[in-house]
Structure formats: structure tokens, C-alpha cells
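The values are calculated or read from the model by the stated rules, or taken from the named source; none is laboratory data. Given the structure is predicted, the values throughout are model-derived calculations rather than measurements. Using ideal geometry, Cβ is built from the backbone for each residue, glycine included, and neighbour counts are taken over all protein chains shown. All accessible areas refer to the heavy atoms of the entire protein, side chains included, with ligands and DNA or RNA removed. Shrake-Rupley method; radii C 1.70, N 1.55, O 1.52, S 1.80 Å.
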Amino acid sequence: MQDRVEPLLQFLQSMQLQPDDLRGMLLRCPRLLSFSMQRQVLPVVQFLQDDLGFDQHQVSDTLKRFPGIMG
């Protein structure tokens, strides 16, 4: 499980999400830890950026507010 969780948390931190943000996301959506980077997280981030034209700040805010969107 650690081999899945660690890259996910590193990726979310690279999206400018702070530890308090990650904590809040996990409290709202504990299943976030089970999301697949390749099948769930990255396609959603790519959709927000490419199809909806969100910048990194908008993507981060969306993920922070609605972490379940990635699953």
C-alpha cells in the first residue's frame, strides 16, 4: 500500500497542496488513499487542465474542495 500512497501524496504536494490541505482531504474522503494515480488521479487532473482550462491553482483548489472527484 505504501508504494501507492507515497507517490499519490508526493503528487498532491507537487500540486501546491499543503499538509493541512491533505489532512482535510483525507478527512473528507478517506478512500483517497486507495485511488490509482494512473487510472483515476492523473486523468482527472489532465481533464481539469486540458479540457476545462484550469490553471494549477484552480486544479489544486478543486481537488482540495472535492477530493472525491478523483475517484
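Within the range 1-46, considering only helices (runs of 4 or more DSSP H) that don't extend past its boundaries, which have at least 2 residues that are of a type outside the set (Ser, Thr, Tyr), open to solvent by 40 Å² or more (accessible area, probe 1.4 Å) and modelled with pLDDT under 90?
On the way: elements: 2-14, 19-28, 42-46.
Result: 2-14.
So which pairs qualify, if the first residue must be in the range 34-53 and aromatic (Phe, Trp, Tyr), the second must be in a loop (DSSP other than H, G, I, E, B), the Cβ gap must be under 8 Å, and the two must be at least 6 apart or on different chains?
So the pair list comes out as PHE35/GLY71.
Within the range 47-68, track down each residue that is of a type in the set (A, V, I, L, M, F, W, C) and either open to solvent by less than 50 Å² (accessible area, probe 1.4 Å) or touching a Cys at 6+ places or on another chain (Cβ under 9 Å) (or both). Full working, then the answer.
From the range 47-68, those of a type in the set (A, V, I, L, M, F, W, C) are 47-48, 52, 54, 59, 63, 66; that's our starting set.
Selection gives LEU48, VAL59, LEU63, PHE66.
Please verify whether ARG65 is over 17 Å from GLU6 (Cα atoms) and in contact with a Pro (Cβ under 9 Å, 6 or more places away or on another chain), treating the condition exactly as stated. Lay out the reasoning, then the answer.
Details: over 17 Å from GLU6 (Cα atoms): yes; in contact with a Pro (Cβ under 9 Å, 6 or more places away or on another chain): no.
The answer is no for ARG65.
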